[in-house]
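Enquirer: Below you will find the structure I want to go over with you.
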Amino acid sequence: MTAKGIDFSLRRENLSKLLLDDSVILVASSSIKSRNSDADFPFRQDSNFYYLSGFNEPESLLVIRPSAKKRKYVIFCRDRDPLREQWDGFRSGQGGAKEVHGADEAYSISLVDEVMPSLLEGARNIYYSMSSPNGINVGLNKWLDQIRANTRQGSEVPENLLSLDSLLDELRLLKDEEELLLMRKAGEITCEAHIRAMTNVTPGMYEYQLEAEYLHTFIKGGARFPAYNSIVGGGNNSCILHYNENNSELADGDLVLVDAGCEYEHYASDVTRTFPVGKKFTVEQKKIYEIVLEAHKQASAEIKPGNPWIRAQDTSVKVITEGLIDLGLLKGKANEIIKKGEYSKFYMHRIGHWLGMDVHDVGNYKKNGQWRDLEPGMVLTIEPGIYILDSLEDVEEKWLGIGIRIEDDLLVTENGNEVLSANAPRDIQDIESLRS
Ligand code: GLY
Ligand code: MN
Ligand code: MN
């Protein structure tokens, strides 16, 4: 079954190949979270659930039974309900689950306790997500108890409960061409938003007004929601890593750091640009910016197959430490400062993270105790930064309140990398030319 070019049945097949014999997979959907008695938060499907099904409704459960003769793929979902659909919108019902989403069988979610034991009985292994907030543990215990109660009638109780996460995380970590089309599109829309914001920002504007430029562009581009809460921080707010208030006035002479990315068809982008609220960078801002940009360039050059993921991190630490020593912001020998971690006064986060359906996407960073090597199809962010909080003591005043991060989304290719967010300017000259 395909939707937006994605072959969900192939994904289920690929996952099935990784299972032990006689296994059943259970995956639960997200639920709707109510905001008050009359309004809900926007629904966002669980990424694992969507990855395997493309089924975008709450109150649903997937059962995948590769070694069964019948009912290999079963969806439990809400019933059609003309009254509720009139108020809340379309439901696929069991008909849609079969005809549109390729289930061999579909049942009402209200029948899950009745039907599920018959789907689990006789299987040896049950895989499910042990980390998902949409846990199915409660149901699972109940269903297993029901099977156990019937052993004298010949029921066989599954023996092993196994984590689905490690298998699915690895599949999700390597993106295929269809996923990359969506991620490129997310990157394009996000870059368009950064360009619009760089063009339209003016002193006196509020951070939330600049945020509106992003949301406008995201939604107009077909991305209804940001992939995470947008960070729009002017002046000293740019030094607060997860700043979300976005309610201060932007002042001439300050920089504004915007970390904002849209989610397009369940795939995230995650892009940061830092630019002047007025027309130009000040001398001090430029000096810090050039260090971050150099760290970004050198770290990005390390993103290629066979390189360990950590190399980009180490490179960024070295460039930033040496740059800050040159400016007199760090004192001593680079090696010593790095060994003692003293650079983290100004650069206190990692170089980046996996990116995909979730902004901090799934996948291990180490394998057998070693930082893993990069492989074609992995997508990750490169996001070095320097943050000089205005409350820092023993720092010359001219540097205070400067916070700079430059973040891009990189796909590891056969020969190196492709920057999915290349359209948003990074060089000082290119940014300033948008400000004139
Ligand atoms: N926007 C979250 C991050 O950069 O990791
Ligand atoms: Mn990031
Ligand atoms: Mn970010």
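Enquirer: How far is the Cα center of region 281-328 from the Cα center of region 362-400, in Å?
Expert: After rounding, the separation between the Cα centres reads 10 Å.
Enquirer: If the chain between Glu177 and Asp390 were fully stretched, how many nm would it gain, using 0.36 nm times the residue separation less the Cα-Cα distance?
Expert: Gain on extension, Glu177 to Asp390, equals 72.2 nm.
Enquirer: Can I ask one more? Taking θ as phi - 60°, what are the ³J(HN,Hα) couplings along region 282-289 by the Karplus curve (6.51, -1.76, 1.60), each to the nearest whole Hz, with x for Gly and Pro?
Expert: 6, 4, 5, 4, 4, 5, 5, 4
Enquirer: Here is a further query. Pulled fully out, how much extra length does the chain show between Asp7 and Phe90, if you take 0.36 nm times their separation in residues and subtract their Cα-Cα distance?
Expert: 27.6 nm
Enquirer: Within 11 Å, Cβ to Cβ, of Tyr228, how many net charges do the neighbouring residues add up to if Lys/Arg are +1 and Asp/Glu are -1?
Expert: It works out to a net charge of -4.
Enquirer: Which FRET efficiency value, to the nearest 0.05, do you get for Asn335 and Phe43 by plugging their Cβ-Cβ distance into 1/(1 + (r/R0)^6) with R0 = 56 Å?
Expert: 0.65
Enquirer: Lys and Arg at +1, Asp and Glu at -1: add these up for the other residues within a Cβ distance under 14 Å of Ile402 and post the number.
Expert: Result for the neighbourhood of Ile402: -1.
Enquirer: Right, something else. I'd like to know which of Ala193, Val27, Gly356 lies farthest towards the positive end of the charge dipole of the chain, counting +1 on Cβ of Lys and Arg and -1 on Cβ of Asp and Glu.
Expert: Sorting the options by dipole projection puts first Val27.
Enquirer: Same structure again: Ranked by Cβ crowding within 10 angstrom, fewest neighbours first, how are Thr321, Thr199 ordered?
Expert: So the residues, fewest neighbours to most, are Thr199, Thr321.
Enquirer: Obtain the nm distance between the two label points defined at Tyr365 and Asp145 by a simple spin-label model: each point lies 7 Å from its Cα along the Cα-to-C-beta direction.
Expert: A separation of 4.1 nm, rounded to one decimal place.
Enquirer: Round to the nearest 10 and give me the degree value, 0 to 90, for the angle of helix 137-148's Cα axis relative to the longest principal axis of the chain.
Expert: 20
Enquirer: OK, next. Sort region 260-367 into rounded, prolate or oblate with this rule: let a ≥ b ≥ c be the square roots of the eigenvalues of the Cα gyration tensor; rounded if a/c is under 1.5, and if a/c is not under 1.5, prolate when a/b is larger than b/c, oblate otherwise.
Expert: In terms of gyration-tensor shape, oblate.
Enquirer: Which of Trp354, Trp399, Trp87 moves most in a GNM of the chain, Cα contacts under 10 Å?
Expert: Result for the chain, Cα springs under 10 Å: Trp87 fluctuates most.
Enquirer: Now a separate question. With a/c under 1.5 counting as rounded, go ahead and sort the chain into rounded, prolate or oblate using the C-alpha gyration tensor (a ≥ b ≥ c being the square roots of the eigenvalues; past the cut-off, prolate if a/b is larger than b/c, else oblate).
Expert: Prolate shape, in that a/c is at least 1.5 and a/b is the bigger ratio.
Enquirer: Let me ask something additional. Please report Arg152, Arg11 as a ranked list, fewest other C-beta atoms within 10 angstrom at the top and most at the bottom.
Expert: Least to most surrounded, the residues fall as Arg152, Arg11.
Enquirer: A further question on this structure: Quick one: Arg80, Arg91, fewest Cβ neighbours within 10 Å first, how do they rank?
Expert: Ordered by Cβ neighbours within 10 Å, fewest first: Arg80, Arg91.
Enquirer: Continuing with the same structure: Using R₀ = 56 Å, calculate the FRET efficiency as 1/(1 + (r/R₀)^6) where r is the Cβ-Cβ separation of Ile240 and Asn14; round to 0.05.
Expert: My answer for the efficiency is 0.85.
Enquirer: Applying the Karplus parametrisation 6.51 cos²θ - 1.76 cosθ + 1.60 with θ = phi - 60° to the phi angles of region 308-316, what ³J(HN,Hα) value in whole Hz is obtained for each residue in order, glycine and proline being reported as x?
Expert: Calculated HN-Hα couplings, in order: x, 3, 5, 4, 4, 4, 4, 4, 5 Hz.
Enquirer: Taking 60 Å as R0, compute the FRET efficiency from the Cβ-Cβ separation of Tyr208 and Leu111 and round it to 0.05.
Expert: 0.80
Enquirer: Same structure, new question: Filter the cross-link list Lys297/Lys340; Lys69/Lys98; Lys304/Lys367; Lys70/Lys98 down to pairs whose alpha-carbon distance in this structure exceeds 23 Å.
Expert: Lys297/Lys340
Enquirer: Among DSSP beta bridges lying fully in the chain, give the percent that are antiparallel, nearest 5.
Expert: Roughly 80 percent of the beta bridges in the chain run antiparallel, per DSSP.
Enquirer: Under a GNM of the chain (C-alpha, springs under 10 Å), which listed residue has the highest mean-square fluctuation: Ser163, Ser29, Ser269?
Expert: Checking each option, the largest mean-square fluctuation is seen for Ser163.
Enquirer: Starting from 0.36 nm per residue, how many nanometres of slack lie between Asp21 and Ser436 once their C-alpha separation is accounted for?
Expert: Gain on extension, Asp21 to Ser436, equals 142.9 nm.
Enquirer: Using +1 at the Cβ of each Lys and Arg and -1 at the Cβ of each Asp and Glu in the chain, identify which of Gln285, Ala227, Met378 lies farthest towards the dipole's positive end.
Expert: Final value for the positive-end residue is Met378.
Enquirer: Ok, one more. Between Met378 and residues 5 or more places away or on another chain, which pairs have amide H atoms under 5 Å apart, with H built 1.01 Å from N, and which residues are they?
Expert: Answer set, sorted by chain and number: Lys175, Val412.
Enquirer: Related question: Looking at the square roots a ≥ b ≥ c of the eigenvalues of the Cα gyration tensor of region 102-230, which shape do they give, rounded for a/c under 1.5, prolate if a/b is larger than b/c, or oblate?
Expert: In terms of gyration-tensor shape, prolate.
Enquirer: Treating the beta-carbon of each Lys and Arg as +1 and of each Asp and Glu as -1, no other charges, what is the dipole magnitude of the chain about its Cα centre, to the nearest 20 debye?
Expert: 800
Values quoted throughout were computed directly from the atomic coordinates according to the rules given, and no laboratory measurement underlies them. Please read these numbers as outputs of a predicted model, since none were measured by experiment. Note that we place each Cβ from the backbone using ideal geometry, even for glycine, and neighbour counts take in every protein chain shown.
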